[in-house]
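What follows draws every value from the coordinates through simple rules; no lab data is involved. Model, not experiment: these values are computed from the prediction. Cβ sites come from the backbone with ideal geometry, for glycine too, and all protein chains shown count toward neighbours.
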Amino acid sequence: MEYRFLGSSGLKVSALSLGAWVTYGSQVGEDVAYECMTAAYDHGVNFFDNAEAYASGEAEVVMGKVIRRAGWIRSDLVVSTKIFWGGEGPNDRGLSRKHIVEGVNASLARLRLDYVDLVFCHRPDPDTPIEETVRAMNWVIDQGKAFYWGTSEWSADQIMEATMVAQREHLIGPQMEQPQYNMFHRDRVEREYARLYDEISLGTTVWSPLASGLLTGKYDDGLPRNTRASQPGMEWLRELLVGEAANENRAKVLKLKDVAADIGCTRSQLALAWCLTNPNVSTVITGASRAEQVNENMEALNIVAKLTPDVMERIEEILQNKPAETLDYR
């Protein structure tokens, strides 16, 4: 396993990590989660991602049970949660001081941990002053309930606003961002955040590297049974994977099959290795509903070296979606 620093911090996270979105507490139970997490841990994964919203909190319960069952040393792990959607009450959503503090406490209770290493603002909250959110996150850190805080799916301007507020008030600003990043979703990580990597040494913990499974090739012939997209309530995801709007990307996935075959890997491994080649990616969050998927994903680390400039150019010729650089009109 390769370990990378998370932004400007001294914290090291495994280049590949494991997340609980959708699967834990809904698609799979504790036993399968245990198999997946222990398989990842055996490969050197130390970062496990979660959120208060995942399976309405049940994903945190399952992850906490697995950690205790496995008997891992807490200091060997990097555990995260994300705060925004905590329930249906008027103060159970958003990034107010009240919900951040109560949401973190509730997450820790479900995880049965004294602290999380990372806490993210799951989305920006236009209804809460940024000063309130920054101060609340710093209070959480000062109380020892988390070590670092960051954002998820915030714009570059919103991240910089929070950073400037923190600098003005001599507080800790966001140190990492959790954006979606894959071969079909590139603009934010590669273009919008470009200045932040130098200006504030922003770290990234990217999610959906396989584009919700599209890049694995399992949707080449339509919607198979017993997949994430076949679950009730995931109609929006089915449209992205097998709907008419997905036809162009599915055609590109078919072409990537030859690239993967030529370098001796699966399309899943190719897509993960492609994300890992980005020097501004701290860790790539993977998902899995079977230990076999974890084992296959971890092999992507051995594929990175095979992504030579020629191979990368070949991939770009298929994707045809490289973000345009900012134009200088001077």
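Can you run phi through the Karplus equation (6.51, -1.76, 1.60; θ = phi - 60°) for the range 269-286 and list ³J(HN,Hα) in whole Hz, with x for Gly and Pro?
5, 4, 5, 5, 4, 4, 5, 5, 6, 6, x, 8, 8, 7, 8, 9, 7, 9
Show that you can apply the helix-only estimate: for the chain, add -39,500 (n - 2.57) for every DSSP H stretch of four or more residues, divide by all residues, and state [θ] at 222 nm to the nearest 500. Present the calculation step by step, with values, prior to reporting the outcome.
Numbers: 11 runs with 127 residues, N = 330.
Calculated mean residue ellipticity at 222 nm is -12000 deg cm²/dmol.
Based on Cβ point charges of +1 for Lys and Arg and -1 for Asp and Glu, what charge dipole magnitude is obtained for the range 13-140 about its Cα centre, in debye rounded to the nearest 20?
200 debye
As an exercise, identify the GluC sites (Glu not before Pro) in the range 75-140 lying in DSSP coil whose Cβ has no more than 11 other Cβ atoms within 10 Å.
Working: sites: 88, 102, 131, 132; in loops: 88.
When the GluC sites (Glu not before Pro) of the range 75-140 are filtered for loop state and at most 11 Cβ neighbours within 10 Å, 88 remain.
Along the principal axes of its C-alpha atoms, what lengths does the chain span, in descending order and rounded to whole Å?
That works out to 60, 52, 36 Å along the principal axes.
Could you calculate the FRET efficiency of residue 324 with residue 251 from 1/(1 + (r/R0)^6), where r is the beta carbon distance between them and R0 is 22 Å, rounded to 0.05?
Values: r = 22 Å, r/R0 = 1.02.
It comes out at approximately 0.45.
Mind checking which lysines have their Cα closer than 17 Å to the Cα of residue 306? Skip sequence neighbours fewer than 8 apart in that chain.
Here the lysines satisfying the reach criterion relative to residue 306 are 257.
Restricting to the chain, what percent of DSSP beta bridges are antiparallel, rounded to 5?
Values: 5 of 29 bridges.
Percentage antiparallel, nearest 5: 15.
Could you give me the ³J(HN,Hα) list for the range 75-83, computed from phi with Karplus coefficients 6.51, -1.76, 1.60 and θ = phi - 60°, whole Hz, x at Gly and Pro?
5, 7, 10, 10, 10, 10, 9, 10, 10
Taking 0.36 nm per residue of separation and subtracting the Cα-Cα distance, what length does fully extending residue 198 through residue 169 add? Provide the component values of the computation, followed by the final result.
On the way: separation 29, 0.36 × 29 = 10.44 nm, distance 2.17 nm.
Here the answer is 8.3 nm.
Pairs of Cα atoms under 8 Å, at least six residues apart: use those to get the relative contact order of the chain, whole percent. Please list the in-between numbers first.
Details: 591 pairs, mean separation 62.1, N = 330.
Relative contact order, the chain: 19 percent.
Quick one: which of 82/252; 218/322; 12/65; 65/218; 12/145 span more than 21 angstrom between C-alpha atoms? Could the numbers behind the result be given before it?
Working: 82/252 33 Å; 218/322 24 Å; 12/65 24 Å; 65/218 31 Å; 12/145 19 Å.
Among 82/252; 218/322; 12/65; 65/218; 12/145, the Cα-Cα distance tops 21 Å for 82/252; 218/322; 12/65; 65/218.
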